[in-house]
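Single-structure report; data block below.
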Amino acid sequence: MADNLEDEWWETGNRAQNDDSEEKSSDEEEKNAVEDHRKRPLEHDGVDQGAGTKKKQKRKRKKITTELKEKGKSSRAKPADVIDLLSKHFEGKLSPVEWDELKLDPDGDFYVSSESDHTPSSYLRTILPKWKKLVKSSDLKPGSPLVLIITSSAIRAVQLNRDITDFKTEECKCAKLFAKHFKIEEQQKYLSKNICHIGLGTPNRICSLIKNGSLHLDSVKSVVLDWNWRDKKFKRMADIIDLRKDLVVLLQTYIIPHIHANKCKIGIL
């Protein structure tokens, strides 16, 4: 029986040779590919690390000040913020009668809040325009200041004391009422013998000195909360849990009853 009559003999022979050579080259290519894969470093498997690969870019975190501005929120506190702090802290804990005793009037119990940024001295001059006359005319007893400034830390209190130098007069004396570097016994002794026009300190120490009878609120006409100042972590006095608790206790126990019974107002620095 003859071969396929449609193919010439020389074409059949060439095609067979070509098929053999193509099969061999295919086997060699596959073998070379396996060898290349084995020689390739392990860390490159399945990962394209060519020049075109894009590096991951770190997402830049926005500053809190930028976020506040973008949200349209003012970083300066208002009387409503102080009232809201008390309301949230005592929610469900006080009877209606007890809460009424702690209520603050945003208009009558606070100085008018300013929208513009103040230095500590310029703010004190705004709320106490007759300060020099007040210092000279006041007949104060030891440990009974005219102004009580409440701030977040000893470091901030020292800074504030320097910042209000041009507000204070030569006759004005400022008592440092914080724990760092000062034992409470030393402060008790100082307050019992010295007249001070300004008391400057932290909530916990001020509360302790009032409680033990060393610091008196009888002559206090202004209580200034250093509310808007932020520390390195961008936290205000009301943002720090322990400090916030101390502040609330001081306000509830001593400051608010004094405000209700006397002509005294709260200022927000």
Please determine whether any residue of region 165-176 is within 22 Å of residue 247 (Cα to Cα), surrounded by 13 or more Cβ atoms within 10 Å (Cβ to Cβ) and of a type in the set (Phe, Trp, Tyr).
no
Select from region 102-125 the residues that are in a helix (DSSP H, G or I) and without any contact (Cβ under 8 Å) to a residue 60 or more places away in the chain and list them in ascending order.
121, 122, 125
When you go through (1) modelled with pLDDT of 95 or more; (2) under 20 Å from the mean Cα position of the chain (by Cα); (3) over 26 Å from residue 133 (Cα atoms) one by one for residue 226, which number turns out not to apply?
(3)
Cβ pairs under 6 Å, 6+ apart, first in region 251-262 and touching a residue at least 12 places away in the same chain (Cβ under 8 Å), second in a helix (DSSP H, G or I):
254/210; 256/102
Considering only region 96-132, state which residues are modelled with pLDDT of 90 or more and of a type in the set (S, T, N, Q).
119, 121, 122, 126
Since residue 75 meets every condition but one in (1) modelled with pLDDT under 90; (2) closer than 21 Å to residue 259 by Cβ, which condition does it not meet?
(2)
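Here's a check for you: in region 197-216, which residue that is in a loop (DSSP other than H, G, I, E, B) and out of contact with any Cys (no Cβ under 8 Å at 6 or more places or on another chain) is nearest to residue 149 (Cα to Cα)?
Among those residues, the one meeting the criterion is 202.
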(1) farther than 23 Å from residue 127 by Cβ; (2) assigned to a helix (DSSP H, G or I); (3) without any contact (Cβ under 8 Å) to a residue 60 or more places away in the chain: which one isn't true of residue 244, the others all being true?
(3)
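The values are calculated or read from the model by the stated rules, or taken from the named source; none is laboratory data. Because the structure is a prediction, the values reported are computed rather than measured. Neighbour counts are summed over all protein chains in view; Cβ atoms, including those assigned to glycine, are modelled from backbone coordinates with ideal geometry.
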